[in-house]
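A short write-up of the structure that comes next.
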Amino acid sequence: MYTLGRSLRVLAKQSRINARMHAIQVAKKTSASGVLLAANSSGSSLRSVLAPGTLRPSSTLSLAAHLRPTQALGRSRSSDPTLAPGCPPNLRITEMGQTFPPHMTSPLVALSETITRCVSTSTATCLEGKKEAEGEKAVEDPRIVEQRFVDEADVVVVGAGPAGLSAAIRLKQLANERGQELRVIVVEKAGEVGAHTVSGAVIETRALDELIPDWKERGAPLDQPALEDHMHYLTRSSSIPLPHPPQMSNHGNYIVSLNNVVKWLGEQAEELGVEIFPGFAASEVLYDDQGAVQGIATNDVGLDKDGRPKDNFERGMALHARVTLFAEGCHGSLTKTLIRRFDLRKDSQPQTYGLGIKEVWEIDPAKHTPGAVHHYVGYPVDYQTYGGGFLYHMADNLVSLGYVVGLDYRNPYLSPYQEFQRFKAHPKLRATLEGGKCISYAARALNEGGYQSIPKLTFPGGALIGCTAGFLNLPKIKGTHTAMKSGIVAAEVAAEAILGAYKAAGEGAEEVPYTALDVSPYEQAMRDSWVYQELYAVRNVRPSFHSPLGLFGFMAWTGLDTVVLKGKAPWTWKHPGPDYAMLQPAKNFKPIAYPKPDGEVTFDLLESVSRTGTNHAENQPVHLQLKDPKVQVERNLPVFAGPEARFCPAGVYEYVDDDAHPGQKRFQINSQNCIHCKTCDIKDPAQNINWTVPEGGGGPQYSLT
Ligand SMILES: Cc1cc2nc3c(=O)[nH]c(=O)nc-3n(C[C@H](O)[C@H](O)[C@H](O)COP(=O)(O)OP(=O)(O)OC[C@H]3O[C@@H](n4cnc5c(N)ncnc54)[C@H](O)[C@@H]3O)c2cc1C
Ligand code: SF4
């Protein structure tokens with residue numbers, strides 16, 4: 001009886017799947033003629049429509065899928081490169097169907113392969129694609145077409161960083177104040193809250209004071225006040241003191257391990273009743289029939305590298321919410337799909353980034369000056385490369401030191417990791433580190449675009465908060481306080497919307513359907529907040545680096561702007577373009593000869609990676625997806641000398657000899673090493689690498705970073 005029931009359920013699902021595939025509509029529009037061609041396709045004709053060469057590289061592509069037979073057919077949005085509402089999101093066309101850089105001559109090779117191979121997270125449609133491609137060999141495992149378990153909450157927050165946890169805490173505070181129940185769920189891809197956090201960190205307590213005024217009494221791990229500020233200009237062998245810029249003053253701030261602060265915030269949230277799910281990576285945004293964000297899905301776990309379920313397979317979970325807040329940190333993997341789908345960057349500049357690489361050391365107590373904050377410019381990068389270092393003396397003989405390289409660098413031979421080693425080897429830094437012990441290594445991208453790069457923050461059913469929106473204040477090198485404040489502001493707007501809906505219904509929460517609510521007032525509330533005031537005042541600082549004077553123009557302008565003009569210049573400079581487009585061909589440069597590690601202060605890359613505790617389950621789908629598997633070898637290697645092997649701070653990418661084709665190279669991805677910094681997704685000049693979440697719980701296990 002059980003078997004029969006199960007078979008019937010599988011059959012029923014199967015027929016729904018077929019209906020889906022037959023209802024997929026592909027619309028293509030050539031930008032040259034403006035002609036819109038649409039084909040009502042089954043899977044096979046879909047593939048022929050998408051055959052290589054049927055679209056021009058500059059074409060925009062859009063798909064409309066018809067999930068339920070009752071929906072109207074023919075819905076396509078030719079100007080929107082993302083999937084139309086209701087589309088099965090993991091067709092991955094969301095990632096492909098954008099305006100392709102001109103050098104990507106055949107994006108549709110990748111596109112059609114993606115559909116047919118479909119080594120993707122989970123959905124039934126994918127399996128269908130796989131079946132078509134592989135015929136009888138295709139996987140037909142009922143587990144993979146099972147409907148996801150659906151849970152519902154008032155608010156789902158993606159990411160348990162400072163922004164996400166501040167939002168969750170504020171929501172529960174407001175609900176408690178009003179005696180209302182509010183279910184708040186936070187999903188976090190790290191195995192433990194804080195284990196993916198990378199920061200300096202000297203933090204301002206402004207937002208924390210607002211959120212938890214008695215944080216001291218509650219034992220927040222802010223033990224080391226910042227006591228002295230120093231700014232240095234480094235030459236190859238010496239260090240020249242510089243006046244400390246007023247906007248970088250750390251008076252009243254604290255030197256912390258942000259991991260520890262985030263863990264503590266997690267505890268505060270749980271005390272208030274927030275449900276935190278560490279080890280759960282949000283892999284898909286879910287949309288309702290109207291195209292509003294309905295929540296997220298966590299990825300399936302227990303798939304092998306080909307997308308086939310293993311014995312430990314578990315279907316991901318769907319979390320539906322009235323409001324979904326995305327707090328993924330810098331360059332969020334779901335955020336980027338939302339930005340495309342809702343065209344959130346329509347009225348803003350591209351985001352620009354830096355890569356921060358850091359270590360924590362235990363040093364000789366005689367060299368330790370608790371509370372000292374040092375910043376460095378100059379050596380080791382040249383004056384046209386944006387870069388700088390920091391050294392913060394924490395409590396307990398620990399120092400946190402790091403180096404940030406602007407990802408708009410031009411020379412493809414540059415390696416941010418090696419620049420960090422050169423920084424540490426400078427006599428000034430070496431003197432502090434020698435005799436000490438390196439405890440942790442970490443790397444993470446951070447936002448540099450500032451005010452002019454903030455996208456539209458809201459869309460139906462949700463909003464972007466924290467660094468995924470880009471609130472970092474670059475001259476201060478601080479984003480924790482602004483991330484937290486944005487979480488607080490978003491929470492206040494979301495609580496108003498949800499509790500207002502309860503009130504309007506005149507009933508308990510259970511009477512109000514789980515439909516997406518509008519949080520658009522968050523946009524204006526942020527504009528009215530001190531976050532925007534701060535960011536507006538320093539908006540011209542980063543773009544000033546792009547004068548022919550590079551660092552020197554930047555220093556001169558920063559002094560004038562922040563001391564004399566105080567941000568009141570009547571213009572706003574633009575960034576020259578996205579970071580990936582700044583990389584120049586290798587023929588314009590000479591390779592950089594980086595020194596060998598000494599094993600005392602400077603280290604081999606893989607030794608550093610071993611200090612991250614990184615672990616990804618073996619034999620899982622590669623989370624670093626290539627849109628076109630050939631682009632790296634055919635373009636990035638000859639033109640840019642294979643920059644991936646240098647910009648990745650974890651040795652994930654290698655060009656190795658191709659045994660199958662003697663004399664040629666192949667691109668190897670050691671995805672198990674990935675420390676989730678997102679640099680490859682940002683800096684790949686072909687924009688061919690798509691960073692997606694691996695199985696939840698994988699990745700680095702940072703501490704003290
Ligand atoms: C090298 C470096 C130095 C810095 N120094 C300072 C400093 O001194 N002072 C300061 O104030 N700021 C500093 N910052 C910036 C600061 O760290 C950030 O502004 C702050 O962490 C942003 O908080 P957030 O919550 O927005 O994002 P994050 O702290 O990045 O948190 C995002 C969280 O979301 C999780 N996540 C992401 N995607 C998903 C997903 N799809 N599913 C589930 N979970 C997901 C991540 O694992 C992470 O835990 C520094 C940053 C770097 C990289
Ligand atoms: S693979 Fe990409 S995200 Fe992972 S560590 Fe390397 S550059 Fe960072």
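Within the range 586-611, restricting attention to residues that are of a type in the set (G, A, S) and part of a loop (DSSP other than H, G, I, E, B), which residue is farthest from Q701 (Cα to Cα)?
Taking the candidates together, the pick is A593.
Taking only pairs six or more apart or across chains, which ones have beta-carbon atoms under 8 Å, a first residue in the range 636-648 that is small (G, A, S), and a second residue that is in a helix (DSSP H, G or I)?
Close Cβ pairs (under 8 Å, with a partner that is in a helix (DSSP H, G or I)) amount to A641/A586; G642/Q632; G642/N636.
Check whether at least one residue in the range 262-279 is part of a loop (DSSP other than H, G, I, E, B), within 20 Å of the chain's Cα centre (by Cα) and on the phi > 0 side of the Ramachandran plot, and report yes or no.
The answer is yes; a qualifying residue exists.
What residue, among those in the range 553-579 that are of a type in the set (F, W, Y) and within 15 Å of Y386 (Cα to Cα), is farthest from the chain's Cα centre (by Cα)?
So, considering only residues that are of a type in the set (F, W, Y) and within 15 Å of Y386 (Cα to Cα), the one farthest from the chain's Cα centre (by Cα) is W557.
Here are G697, G642: which of them is more than 18 Å from the chain's Cα centre (by Cα), among the small types (G, A, S) and either under 30 Å from E362 (Cα atoms) or away from ligand 1 (no atom under 15 Å from the Cβ) (or both)?
Only one candidate qualifies: G642.
Table: residues versus (1) within 12 Å of ligand 2 (Cβ to nearest atom); (2) more than 29 Å from A195 (Cβ to Cβ); (3) assigned to a loop (DSSP other than H, G, I, E, B); (4) assigned by TED's automatic domain parsing to the domain that holds K310.
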site: G613; (1), (2), (3), (4): no, no, yes, no
site: A617; (1), (2), (3), (4): no, no, yes, no
site: A660; (1), (2), (3), (4): no, yes, yes, no
site: A686; (1), (2), (3), (4): no, yes, yes, no
site: V693; (1), (2), (3), (4): yes, no, yes, no
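Filtering the range 630-656 down to residues that are within 16 Å of ligand 2 (Cβ to nearest atom) and assigned to a loop (DSSP other than H, G, I, E, B), which residue is nearest to V609 (Cα to Cα)?
Within the range 630-656, the match that is nearest to V609 (Cα to Cα) is A650.
Tell me which residues, restricted to the range 519-542, are of a type outside the set (S, T, Y), part of a loop (DSSP other than H, G, I, E, B) and modelled with pLDDT of 95 or more.
The answer is V519, D528.
Here is a check on your reading of the model: is E210 farther than 20 Å from I465 by Cβ, away from ligand 1 (no atom under 11 Å from the Cβ) and either out of contact with any helix residue (DSSP H, G or I) (no Cβ under 7 Å at 6 or more places or on another chain) or in the same structural domain as S333 (by TED's automatic domain parsing) (or both)?
no
Can you tell me how many residues in the range 159-194 are surrounded by fewer than 24 Cβ atoms within 10 Å (Cβ to Cβ) and closer than 19 Å to G479 by Cβ?
0
Somewhere in the range 649-664, is a residue within 21 Å of E448 (Cα to Cα) and within 16 Å of ligand 1 (Cβ to nearest atom)?
Checked against the condition, which is being within 21 Å of E448 (Cα to Cα) and within 16 Å of ligand 1 (Cβ to nearest atom), the range 649-664 yields at least one hit.
Being in contact (Cβ under 8 Å) with a residue 40 or more places away in the chain, in contact with a Pro (Cβ under 9 Å, 6 or more places away or on another chain) and over 29 Å from E448 (Cα atoms) narrows it down to one residue among L265, L272, L286; which is it?
L286
In this structure, is L286 at pLDDT 90 or above, touching a Leu at 6+ places or on another chain (Cβ under 9 Å) and either under 30 Å from V373 (Cα atoms) or within 16 Å of ligand 2 (Cβ to nearest atom) (or both)?
In short, no.
A quick yes/no check of all residues on (1) assigned to a helix (DSSP H, G or I); (2) aliphatic (A, V, I, L, M); (3) within 13 Å of ligand 1 (Cβ to nearest atom):
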site: A445; (1), (2), (3): no, yes, yes
site: F471; (1), (2), (3): no, no, yes
site: K476; (1), (2), (3): no, no, yes
site: T482; (1), (2), (3): yes, no, yes
site: V493; (1), (2), (3): yes, yes, no
site: I498; (1), (2), (3): yes, yes, no
site: A501; (1), (2), (3): yes, yes, no
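Please give the number of the condition L355 fails out of (1) hydrophobic (A, V, I, L, M, F, W, C); (2) outside any helix (DSSP H, G or I); (3) free of Cβ contacts under 8 Å to residues at least 40 places away in the same chain.
So L355 meets the others, but not (3).
Only one residue in P621, P597, P591 is outside the structural domain of L474 (by TED's automatic domain parsing), closer than 22 Å to Y403 by Cα and buried (at least 16 other Cβ atoms within 10 Å of the Cβ). Which one?
Result of the check over P621, P597, P591: P597.
How about the range 367-407: which of its residues are among the hydroxyl-bearing types (S, T, Y) and within 16 Å of ligand 2 (Cβ to nearest atom)?
Y403
The values are calculated or read from the model by the stated rules, or taken from the named source; none is laboratory data. Here the structure is a predicted model, which means the values were calculated and not measured. Neighbour counts are summed over all protein chains in view; Cβ atoms, including those assigned to glycine, are modelled from backbone coordinates with ideal geometry.
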